[in-house]
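Notes to accompany the following structure.
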Amino acid sequence: MMIIIALSFLLITFLNFRAGRSKALKIRENTSIHSLPEYYGYYTAFWFLIPVTLIGISWLLFSESLITSFVLSNLQKEIVNFNEIQTLNFINDFKNLSEGRNITGEISLLLKEAASLYSYFSTVSNTLLIFACLSIGLFGFYISINKVSSVFQARNAIERYINYFFLASTCIAILATAGILFSVVFEAIRFFGVVDLDDFLFGLKWSPQMAIREDQVGSSGAFGAIPLFVGTILISIIALLVAVPVGLMNAIYLSEYSPSNVRAYAKPMLEILAGIPTVVYGFFAAITVAPFLRGFGEFVGLSISSESALGVGLVMGIMIIPLVSSLSDDVISAVPQSMRDGSLGLGATKSETIKKVILPAALPGIVGGVLLAASRAIGETMIVVMAAGLSAKLTVNPLDAVTTVTVQIVTLLVGDQEFDSPKTLAAFALGLTLFVFTLVLNYYALRIVKKYREQYE
Amino acid sequence: MEEELDSNFKTVGNIRTEKSVIMNVEDCNVYYGDVHALKNVNMEIGKSEVLALIGPSGCGKSTFIRCLNRLNDTIDIARVTGKISLDGKDIYSDYINTSGNMDVVLLRARVGMVFQKPNPFPKSIFENVAYGPKIHGLCKDKNDLNNLVESCLVKVGLWDEVKDRLEDSGTSLSGGQQQRLCIARAIAVQPEVILMDEPCSALDPIATERIEDLISELKQNYALVVVTHSMQQASRISQRAAYFHMGNLVEVDSSNKIFNDPSHPLTTNYISGRIG
Amino acid sequence: MNNINRADLNVTKLIERSLEKRNQKERYFRIYGISSLVIAVVFLLTFFASIISTGYQAFIKTDIELEVFLDSEVIYPNGTKTEEDLFFADYDSLIFTSLKEHLPELKNRKERRQARLILSSGASYKIQNKIIKDKSLVGQTVSFILPLDDEVDMYLKGYVDTESSENSRKITDFQIALVENLIEKDLIHRNFNTTLFVSGDSREPELAGILGALVGSFMMLTITFIISFPLAVSAAIYLEEFAKKNIWTDFLEVNINNLAAVPSIIYGLLGLAIFINFFGFPRSAPIVGGLVLSLMTFPVVIIASRAALKSVPPSIRDAALGLGASKIQTTLHHVVPLALPGMLTGSIVGMARALGESAPLIMIGMVAFVVDIPTSITEPSAALPVQVFLWSDAPERGFAEKTSAAIMALLVFLLLMNSLAIWLRNKFQIKW
C-alpha cells in the first residue's frame, strides 16, 4: 500500500516534469528562453515533490505519538489508575493488536477498544496525510508552472535549490551534535536534580543497584563516579602502554626500514586488525586472553582476576595499534626527506636520525595521534562490556577487576528502564561526562595534528 | 645538440689534480633500476681545492656527488659500481666494520654534505650545530661543545647574527642564514671533504655572495665539491671544473681552461650557452 | 674566541671508538621494529586460530535419521481433522515410538525420559511443519532427519569429558551409551549445519541460526547507505566546492571531525533519547538502528568524499568553467563523476565499520531476544554483531561454537565489503 502511494506520487512528479518542460518547449517555439527546457521541468517537479516529501516525513515522525495520545485521551477514564509502566505496556499491546501481531496475556475489552480506536485514528491520519500532500503539492505545482515564462531563469533557481540542499546536508552535522547534546544534557540535568554534582564527580562509591525498590529514592544508592573514572583510565593507560610503543615502532619500521615486500604484507595485516569489530575483540578477550592470564597468574603464584584490567587493556591496546600506527605513519612520512638527508649526510645512523631528528620533528603529530587513541580507548564499549568487571572497585591494581564508564552506561540502560529513576538517569550523566571528555581530547588532538600538517605543507 | 656519446667515450682534459689527492673515483657507474644514470666516471679530488660540477639538468652531477658520501644508499633502486676511494680506502668495501653494514657513518663524518634547499633540523640553532658532534661523541664536555659550536658559527660568519638567540629554532632564520647554519653543521664534524649540491640555488643574490665568500674561505682547510647551475659562480669559486653531459663526465680540467678554452665541443656549446 | 685546534684531535679515531656501540644500538632499534610487527602478526594468528578452532565445528551438526509413523490417531486425537489439531498434536510421542524401536533396552520411565532428551525439542516442530505443508503424509511412515539435543551434539563433537563425574556434565552415562548404540545402528549422521544459516535466534543452540541477525544487519546497512551516502556526499561537495573559508566553515569542519571521533555508545544514547523516547519509534527496530548508524557513518563518509573531491585536479574545474558552465554544472557534470569511485570506496569502508558496530545497537534495545526473521524495518530484529554479543554470554556450551561461527560470518561479510572497496578503488582510480 505504502509503495503504491509512493509510486503514484513519483508518477505525478514525473508528469509535472513533463508539463513544465512542454510549456517551456512551447514558449521556445516563438521566443528564446533563458534555460534549457529540462530545467523548467525540474523546477515544476521540484515544487511538487519537495513540499510533499517534507510534509510526509514530518507527519510520519510525529503521527505515531500524536495518535497514541489521542487514543489515551479518549480512554482517559478507563486508564486513570494506570502507572507509567502499565501505560507503556498498554500502548505496546494495543499497537500490536491493531497491527495483527500476537500479544502475550489476555486481550481485554479495553484493549480491543483501544486497538480499534488506534487503527481508526491511523486510517484518518493516513487519509488526511495523502490529501494534505496532494493538495499542497499540486498548489506548489500550480504556482511554479505559472512562473514558467521566457524571462524566468529556471536553471538559476534549480541551482540555488541544489546549493541549499548541499548546505542543509552539511547542517546535519550540527543537528547531530545538537542531538547528542540534547539527548544527554536533559536527562543529565534531571539526574543532577537528585544527585549532587559534587557527589557524582568526586564520590568514591558507586552502587546504583541499591536503589532497586521503587519506594526508595536515589539517595540510597551511591553515585560517586570516581571508581568508574579510575577504572576507565586504568584500562586506557594499559591499552596505550601496549598500543603506543608497538604502533609507533610499527610505523617507524614500515616507513623507514622495511623492504617494500614486507610493507606490502604488513599494511593489509594492520588493516585487517583495524577492521575486526570490537565485539569480536571482546569475545577474544573474554574467552582466550582472560583465562590465559588467570592460568598464567596461578602458575607464577599471582591472583589475577578473570576480568582483570590487564587482560582488557591488552586486548584494547591491540585494537588501537592500527590507529596509532596509521596516524604515526602519516606524520612520519610528512617529515621532509631533506631532514633525513641532512642527518644521514652528517654520518648519523638510521636509528639516530629517527630518534633525534624525525621523532622530535613529528612529535606534535604523534602526540595528537596518541590523544585520539586515548579518546578511542576511553569510549570503547564492547571489549569492556564483555571482558571487564561490573562491580565498581576503587583500585589501580591492574590484576584486579575494574569497571568503566561505558560498562556502567550499558548495564544501567539494558533491560527495563524507568525514566524517573536516578539509576537510569545516571547513565545519561555518565554519557555526558564521556562525551565532554572525549570531545575535549578529540578537539585538541585534531587541532594539534592539523597544525602539524600545515607546518610541512 | 642532444648528442649521445658512445659507450667507450673517454673523458677529455686532465682528471688528475695538482694538489694531493684525497678522493679518487675509478670507473664509477650508477644505475637507478634500468636507467644508467652515471657512466664510467674517472676523476681525482684534491685537498684544499674547490671542484665545480657543471652541466645541464639531469646530467648526473647530483648523482655523482651523492655517490661520494654514499647518500645514494638511501634510494632503494640505486646501484653503484666501480671504485671510489677516500685516502686510498674504498668507500664501498673498506669502510666495513665488524657489524658489516654501518660503514657509512665514518665515511659521512669525513665527507660532509650541504644540500640544495637549506634543511636545518626543527631544533634550536645551537642544537643544529651540536647535532653532529653529539652523535659522534666528539666533545668531552659541555664546555668543549659550546666552544666547538661557537667556532663553527664564527667560521661561517653567523656568530654575530645569532649569538643572542642560540635557543631559537633553526627554521626561524632567513634562507641564507639557514644555509650557512647547515654549512656550520657540516663542518662541526670536522670533515675532510664537503659536498655542496647547488647550495645557492634557493637563495637571493646577497646571500649567494656570502656563501661564495664562505666557500673560498673554507677551501683553505677542506676539499670542496660544489654542484652549480651557474657558470659565473663556478668560474668565481672553483679551481677545477668538471662538465657532465647525460651521465658522462665529458671534460674535467682547471677552471681557467674549462671556461676559457674548453677542449670538447659539448663543453664549448654549454659554456657558450647553447645547451642548458 | 676559543678556537681549539681540532686538527690535533683525530676525528676518525674518536668516532671509531664509539662506533661499535652505535651499531649495536642501531641493531637493537631495528629488532624493536621487527618485534613490533611480530607482535601484531602473532596476535592475528592467535586470534584466527582461536576463533576457527572454537568455531569450525559449528558448521557441522549431528542429526538422527528416524522412520516416523505419522499415526493418524495421535495427530487427530479427537477425530476432527482440523488445522488446529496439527498445531497441538503430540509429535514427541510419535518420535519416541520410533526411537523406542531402535532402543528396545529402555526399561523404566526414567530411562525413557533420558532417551527422549537425546533429541532436540525442535524435532517435533520439524515434523509439524512438514505435515502442515503436506497433510497427505498423515498415516504414512516418513523418514525424517531430526536434530539432536545440543548436549548430545557437544558430546559427539568431542567437547564432553566422559572421564569426569556424571554430575559435572549435563549428558548422563546412560545417554552416552544410548547415543553410541544409535551410532552403531548407523542412525546418527554428521551433516552440514544448514540450520545456522536459515533460522533465527533460539534458546536451543542446535536450533539457533544467524539468518534473523543477517537480515536485520542488511536492513540497517541499506538504510544507512540510503540516508548517509547522498547527504554526506552533498555535505562534502558543499564544504569542498562551495563553502567560503570563514569561521562558519571552520566550525563545521571542526564539528564534523569531532563527530567522527565521538564514541559510538554516545550515538546509542542519542538513538535512545531522540528516536525512541522522543519520536516514539519502536525499540529494537532496524529503522532506529539504521538511523543511528547513518548518523555515525555520516562524518566518516564526508571525510572520505572530501578527500576524493580534493584529488580531482583544479584544471578540470577550470576547463569546464572556461567553457561557460555554471559552478553547479561544473561540479555535478565533471568533478563529482570523477570523485565518485573514491566517495563510494570511502562509504563502503564506513559501512563496514557500521556493520561491526554493536554498542549503539545495544543502547536502542537490540539485545532483545528475537526469534522471528524480520520482514519490515519497524519489526524487532537482531543484528549480527549483537548476536555475537548475546551468544557469547549464553551459558550453554553449544553457543560457544555458534558465537565463533557468527564471528566468522561477520568477518566474511566485512572482508567482502572491504574487497569490494579495494576493487572499486583499483578499477576506477585515476592517477592524475
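Odds and ends about this structure:
- Any hit, segment C:282-291, residues being of a type outside the set (A, V, I, L, M) and over 20 Å from the mean Cα position of the chain (by Cα): yes
- Against the conditions (1) modelled with pLDDT of 90 or more; (2) within 8 Å of chain C (Cβ to nearest Cβ); (3) closer than 23 Å to A:Leu412 by Cα, A:Ile189 satisfies every one except (2).
- Residue match in segment A:313-325 (condition: more than 12 Å from every other protein chain (Cβ to nearest Cβ), out of contact with any Gly (no Cβ under 7 Å at 6 or more places or on another chain), crowded, with 24+ Cβ neighbours inside 10 Å and in contact (Cβ under 8 Å) with a residue 60 or more places away in the chain): yes
- Scope segment C:401-413; condition among the aliphatic types (A, V, I, L, M) and either more than 9 Å from chain A (Cβ to nearest Cβ) or buried (at least 21 other Cβ atoms within 10 Å of the Cβ) (or both); matching residues: C:Ala405, C:Ala406, C:Ile407, C:Met408, C:Ala409, C:Leu410, C:Val412
- Every residue from segment C:100-123 that is in a helix (DSSP H, G or I) and out of contact with any strand residue (DSSP E or B) (no Cβ under 7 Å at 6 or more places or on another chain): C:Lys100, C:Glu101, C:His102, C:Arg109, C:Lys110, C:Glu111, C:Arg112, C:Arg113, C:Gln114, C:Ala115, C:Arg116
- As for segment A:63-76, it holds at least one residue that is among the hydrophobic types (A, V, I, L, M, F, W, C) and more than 34 Å from the chain's Cα centre (by Cα).
- Of the residues making up segment A:149-170, none is away from chain C (no Cβ under 14 Å) and touching a strand residue (DSSP E or B) at 6+ places or on another chain (Cβ under 6 Å).
- Candidates C:Arg317, C:Arg283 - the one that is of a type in the set (D, E, K, R) and either within 12 Å of chain A (Cβ to nearest Cβ) or crowded, with 19+ Cβ neighbours inside 10 Å (or both): C:Arg283
- Summed over segment A:138-148, residues that are touching a residue at least 24 places away in the same chain (Cβ under 8 Å) and either within 7 Å of another protein chain (Cβ to nearest Cβ) or not aromatic (Phe, Trp, Tyr) (or both) total 7.
- Residue list for segment A:264-286, restricted to those being farther than 14 Å from C:Leu45 by Cα and either facing chain C (nearest Cβ under 7 Å) or buried (at least 22 other Cβ atoms within 10 Å of the Cβ) (or both): A:Gly275, A:Pro277, A:Thr278, A:Val279, A:Val280, A:Gly282, A:Phe283, A:Ala285, A:Ala286
- Restricting attention to segment B:174-208, the residues that are in contact with a Cys (Cβ under 9 Å, 6 or more places away or on another chain) and not small (Gly, Ala, Ser) add up to 6.
Yes or no, residue by residue, for (1) assigned by TED's automatic domain parsing to the domain that holds A:Ser98; (2) out of contact with any Gly (no Cβ under 6 Å at 6 or more places or on another chain); (3) at pLDDT 90 or above; (4) within 18 Å of A:Phe131 (Cβ to Cβ):
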| position | (1), (2), (3), (4) |
| --- | --- |
| A:Ala6 | yes, yes, no, yes |
| A:Ile12 | yes, yes, yes, yes |
| A:Ala24 | yes, yes, no, no |
| A:Arg28 | yes, yes, no, no |
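- Considering A:Ala286, A:Ala274, A:Ala251, A:Ala264, the condition of being among the small types (Gly, Ala, Ser) and closer than 23 Å to A:Lys393 by Cα is satisfied by A:Ala286 alone.
- Residues of segment A:326-342 that turn out to be facing chain B (nearest Cβ under 7 Å) and either surrounded by 24 or more Cβ atoms within 10 Å (Cβ to Cβ) or of a type in the set (S, T, N, Q) (or both), as a count: 2
- Condition check for C:Val388: of a type in the set (Val, Ile, Thr), outside any loop (DSSP other than H, G, I, E, B), modelled with pLDDT of 90 or more and under 14 Å from the mean Cα position of the chain (by Cα): yes
Conditions tested, residue by residue: (1) of a type outside the set (Phe, Trp, Tyr); (2) at pLDDT 90 or above.
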residue	(1), (2)
B:Trp159	no, yes
B:Val162	yes, yes
B:Arg165	yes, yes
B:Ile194	yes, yes
B:Asp197	yes, yes
B:Ser216	yes, yes
B:Val226	yes, yes
B:Gln232	yes, no
B:Gln239	yes, yes
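- In the set A:Phe139, A:Phe121, only one residue is under 36 Å from the mean Cα position of the chain (by Cα), assigned by TED's automatic domain parsing to the domain that holds A:Leu36 and not small (Gly, Ala, Ser); that residue is A:Phe121.
- The residue of segment C:76-89 that is nearest to C:Lys133 (Cα to Cα), among those that are touching a residue at least 24 places away in the same chain (Cβ under 8 Å) and surrounded by 10 or more Cβ atoms within 10 Å (Cβ to Cβ), is C:Leu86.
- Note on segment B:2-38: residues that are surrounded by fewer than 19 Cβ atoms within 10 Å (Cβ to Cβ) and either polar (S, T, N, Q) or on the phi < 0 side of the Ramachandran plot (or both) amount to 23.
- Output for segment C:199-232, where each listed residue is more than 21 Å from C:Met366 (Cβ to Cβ) and aliphatic (A, V, I, L, M): C:Leu231, C:Ala232
- Restricting segment A:28-82 to residues that are away from chain C (no Cβ under 14 Å) and acidic (Asp, Glu), the residue that is farthest from C:Gly280 (Cα to Cα): A:Glu29
- Set A:Leu60, A:Leu75: member being assigned by TED's automatic domain parsing to the domain that holds A:Phe121, touching a Leu at 6+ places or on another chain (Cβ under 9 Å) and either over 25 Å from A:Ala132 (Cβ atoms) or at pLDDT 85 or above (or both): A:Leu75
- Taking the criterion of being over 36 Å from the mean Cα position of the chain (by Cα), within 15 Å of C:Leu117 (Cα to Cα) and without any contact (Cβ under 8 Å) to a residue 40 or more places away in the chain, the residues of segment C:165-184 that qualify are C:Asp173, C:Ala177.
- Those residues of segment C:401-432 which are basic (Lys, Arg) and touching a helix residue (DSSP H, G or I) at 6+ places or on another chain (Cβ under 6 Å), in sequence order: C:Lys402, C:Arg425
- Check on C:Ile256, closer than 24 Å to C:Val336 by Cα, within 14 Å of chain A (Cβ to nearest Cβ) and surrounded by fewer than 21 Cβ atoms within 10 Å (Cβ to Cβ): no
- Among the conditions (1) out of contact with any Lys or Arg (no Cβ under 7 Å at 6 or more places or on another chain); (2) closer than 19 Å to A:Asn163 by Cβ, the only one that C:Thr330 does not satisfy is (1).
- Flag for C:Lys126 being among the basic types (Lys, Arg), surrounded by 16 or more Cβ atoms within 10 Å (Cβ to Cβ) and assigned to a helix (DSSP H, G or I): yes
The values are calculated or read from the model by the stated rules, or taken from the named source; none is laboratory data. Quick caveat: nothing in here was measured; it's all calculated off a predicted structure. Using ideal geometry, Cβ is built from the backbone for each residue, glycine included, and neighbour counts are taken over all protein chains shown.
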